[in-house]
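One structure is given below, encoded as structure tokens.
The values are calculated or read from the model by the stated rules, or taken from the named source; none is laboratory data. Predicted model, so just to flag it, every value in this text is computed and none were measured. Positions of Cβ are generated from backbone atoms using ideal geometry, with glycine treated the same way; all protein chains shown enter the neighbour counts. Calculation scope for accessible area: heavy atoms of the full protein, side chains included, ligands and nucleic acids excluded. Shrake-Rupley method; radii C 1.70, N 1.55, O 1.52, S 1.80 Å.
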Amino acid sequence: MAKLSELIRKIDKTAKDGNRERALKMIDSLLEKVPGNKALEARKDKYLKELRIERRLVDLEEKYEVESGS
């Protein structure tokens, strides 16, 4: 198994690349192996918050027919 720090870097890169859902799945999978890890739980909370904001923005853009800049 890869080192925890390497896996966390991979998760962070996945989230930074815009795939927060996949990053969250990776965190959940890792938390099964290392339950109670505060760093992973903090990242999960952060990425969940970012994902909710992202989804809310998309919903608002669709509602008001605004074209996304991305």
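A few comments on the model shown:
- In the chain, the DSSP-assigned H stretches of four residues or longer account for a calculated mean residue ellipticity at 222 nm of -25500 deg cm²/dmol, using -39500 (n - 2.57) per stretch and the full residue count as denominator.
- Farthest towards the positive end of the charge dipole of the chain, among the residues 27, 57, 47, is the Cα of 27, using unit charges on the Cβ of Lys, Arg, Asp and Glu.
- The residues of the chain have, on average, 80 Å² of accessible surface per residue, using a 1.4 Å probe with all protein chains present.
- Residue-wise HN-Hα couplings along the range 28-35, as the Karplus relation 6.51 cos²θ - 1.76 cosθ + 1.60 with θ = phi - 60° gives them from phi, are 4, 4, 5, 5, 5, 8, 10, x Hz; Gly and Pro carry x.
- Scalar couplings 3J(HN,Hα) for the range 42-58, obtained by applying the Karplus form with A = 6.51, B = -1.76, C = 1.60 to θ = phi - 60°, are 5, 5, 4, 4, 4, 6, 5, 5, 5, 5, 4, 5, 4, 5, 5, 4, 5 Hz; x denotes Gly and Pro.
- Calculated from the alpha-carbon coordinates, the chain shows an Rg and a Dmax of 14.4, 47 Å respectively.
- Contact order normalised by residue count of the chain, Cα under 8 Å, 6+ apart, percent: 24
- Lysines with Cα under 22 Å of residue 16, excluding same-chain neighbours fewer than 8 positions away: 3, 25, 38, 44, 46, 49
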